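**Q** The structure's right below; bear with me while I get my questions together.
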Amino acid sequence: MSERPVDPIAIDVSDLLQKTVASLHSHLVTRPTGRAVRMAIEARLGETGEMSLSLIDLSEVTVLDFSCADEVVAKLVQRSQGPGGSGTFFVFRGVREPHRDQIEVVLSRQGLAAVAQTDEGRFELLGATTPAEAATWRVLEDRGLLAGEDVTEALPGRDGRDALERLVHRHLAFQSPITGRWHALSRLVSHLL
Amino acid sequence: MEVITIPGSLDGQSVDGFFDRVTEAPTGRALFDGRHVRWVDPNGMVGLLTGGAVAGERTGALPRLELPENPDVLGYLSRMGFFQEARSIFEFDDRVPRRSGGSSDVLLEITPVRANVDVHEVVNRVQSRSGAILASRLGYPAASVVQFSVILSEVCQNIIEHAESPGWVAAQAYNWSRRLGRWVVVISVMDLGRGFRGSLGSEHAARYGDRWSDATALEAAFLHGLTRFPDSGRGQGIQQIRRQVQRWNGAITIRSGSARIGQVPEWDDTPPLVDGLAPFPGAQISIVLPARAAGSPEGAG
């Protein structure tokens, strides 16, 4: 399917870290460092439209502590949602084993969740989700795209359809305002990987 | 001069008694008698700096330090960078050995922590040298160096964010052959700030009423993750350090004011909470990570 309802942008956190904080700081540690990187990301996102999809690349980050995970991942996700939120959808790339725990913890603690690439070609939902949300997200992730007529077959119960709505509301899935189709975020950024 | 005798073995087990002596010493200029020190670990070295700073602040005069007579101890203190930090805290004879290259089991020499840039420096240093020690001495997997760095980052930030006062950190691997029959890594982080009770008081003391004390403040932060910041993303540092230390079957204790709280495994008989110590400024954190026992799963001690 070639439809791409949003034009995603890629942001390399390691590159931002070098440019915005100090060239000497090669690790994403301490809250002020995380805050500075988050603000640089937000400034970059401010240049995009009202609704945007961003691929935040952590592949080159060696050490990510809990303070930075909170600033760079949890706060970005938190500020994108709800009334007055930035409206941005996020996919976090390069969330390998050494970073995974920190990101899971900061998201779960605040009832948040995010889509993350945890290995080559493998995407997971990290953080706080209900079983129905997790199952529905997996269906959408496996299919990549759901059209209105597919939903009843793919998500036979009411729970699944409710969960799909919540995933969109939580910015864990994207629904095209033009076609009404639901997209897995991983597919929308696949050309950037 | 008021003489404060430094214990022959100054480490995590004897440092509370040493702090009690510092606190209870009369207010005249202090003399720290270290001539008979035979053994010192990161808790002892950082504790000695902390104790000296407290005595100096109380009396308004630099305390005098009588150096250990044992050349091995002197050499070790020198290698760990003790004298570099001690120059602004103690007056002592200038017969200290020249600082030589670090021992292969030193994960982190005594490093002052005053600002966030110091935390970056700590992480840079341990990243470059701790991997080999964690693997060869403790049998930890290669990825553990990141978790180890995260622990150090979080404990050091605790100084900057909560103490609002400078502190020090140091880490070293030892063979605890008699005590545990295994190698361990000892991490010590101490500051002279306002302590957990002072940091949390304005936000949480009222809820505790008469029960508010050093012990309840430590319980609030250590067990329940309370912090003075209203931000729901804060207060995770100590909680997550505890979790990682537990995964590695290690021990962590924090003294603040007149209490010490801890999370200790079965091999350590330290009580989980000690109250009624002599009131001592700041916070003193000790972490001991043991080598993996033969046959234990990866990531477990």
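**Q** Go ahead and estimate [θ] at 222 nm for chain A from helices alone: -39,500 (n - 2.57) per DSSP H run with n ≥ 4, summed, over the residue count, rounded to 500. Could the numbers behind the result be given before it?
**A** Details: 8 runs with 75 residues, N = 193.
-11000 deg cm²/dmol, from helical runs alone.
**Q** Among A:142-151, A:125-134, B:208-217, what's the highest-first ranking by average C-beta atoms within 10 angstrom per residue?
**A** With the highest mean Cβ count within 10 Å placed first, the list reads A:125-134, B:208-217, A:142-151.
**Q** Additional query: Ignoring everything except DSSP H segments at least 4 long, calculate the 222 nm mean residue ellipticity for chain B; use -39,500 (n - 2.57) per segment, divide by total residues, nearest 500. Intermediate values should be presented prior to the final figure.
**A** Numbers: 9 runs with 112 residues, N = 301.
Only helices count here, giving -11500 deg cm²/dmol.
**Q** Roughly how compact is the protein assembly as shown, stated as its Cα Rg over 2.2 N^0.38 Å to two decimals?
**A** 1.10
**Q** Now a separate question. Counting heavy atoms of the protein chains only and a 1.4 Å probe, report the per residue accessible area for chain B as a whole number of Å². Could you put the intermediate results ahead of the total?
**A** Numbers: 11740 Å² over 301 residues.
I get 39 Å² per residue for this part.
**Q** Next question. Return the residues of the stretch B:105-124 for which accessible area with all protein chains present is lower than in the chain on its own by 20 Å² or more; set the probe to 1.4 Å and exclude ligands, DNA and RNA.
**A** Buried by the other chains: B:Asn116, B:His120, B:Val123, B:Asn124.
**Q** Here is a further query. Considering only B:Asp93, B:Asp191, B:Asp33, give the residue with the highest GNM mean-square fluctuation for chain B, with springs between Cα atoms whenever their separation is below 10 Å.
**A** It is B:Asp93.
**Q** Averaged per residue, what accessible area in Å² does chain A show with a 1.4 Å probe, protein chains only?
**A** 42 Å²
**Q** Additional query: Where in the stretch B:133-170 does accessible area fall by at least 30 Å² between the isolated chain and the complete protein assembly, at a 1.4 Å probe radius?
**A** B:Val146, B:Gln147, B:Val150, B:Glu154, B:Gln157
**Q** Near the amide H of A:Gly144, under 5 Å away, which other amide H atoms are found, from residues 5 or more places off or on another chain, if H is placed in the peptide plane?
**A** A:Ala184
**Q** Still on this structure, please answer the following. Please report the antiparallel percentage of the DSSP beta bridges confined to the protein assembly as shown, to the nearest 5.
**A** Approximately 65 percent, going by the DSSP bridge assignments.
**Q** At a probe radius of 1.4 Å, figure out the A/B buried accessible area, summed over both chains, and give it in Å² to the nearest 100.
**A** By this definition, chains A and B bury close to 2100 Å².
**Q** OK, next. Report in % the part of the accessible area of the protein assembly as shown that belongs to carbon and sulfur, leaving out ligands and nucleic acids; probe 1.4 Å.
**A** 49 percent
**Q** With heavy atoms of protein chains only and a 1.4 Å probe, what residues of the stretch A:55-76 have at least 10 Å² less accessible area in the full set of chains than alone?
**A** The answer is A:Thr62, A:Val63, A:Asp65, A:Phe66, A:Ser67, A:Asp70, A:Lys75.
**Q** Additional query: Could you give log10 I(q)/I(0) at q = 0.07, 0.10 Å⁻¹ for chain B, computed by the Debye formula over C-alpha point scatterers of equal weight, without solvent?
**A** One equal scatterer on each Cα of chain B leads to -0.25, -0.52.
**Q** Taking only C-alpha pairs under 8 Å that are 6+ residues apart, what is the relative contact order of chain B in percent?
**A** Reported relative contact order: 15 percent.
The values are calculated or read from the model by the stated rules, or taken from the named source; none is laboratory data. From a predicted model like this one, the values you see are computed outputs, not experimental measurements. Don't worry about glycine lacking a Cβ; one is built from the backbone with ideal geometry, like all the others, and counts go over all protein chains shown. Protein only, heavy atoms only, side chains kept; ligands, DNA and RNA dropped before computing areas. Shrake-Rupley method; radii C 1.70, N 1.55, O 1.52, S 1.80 Å.
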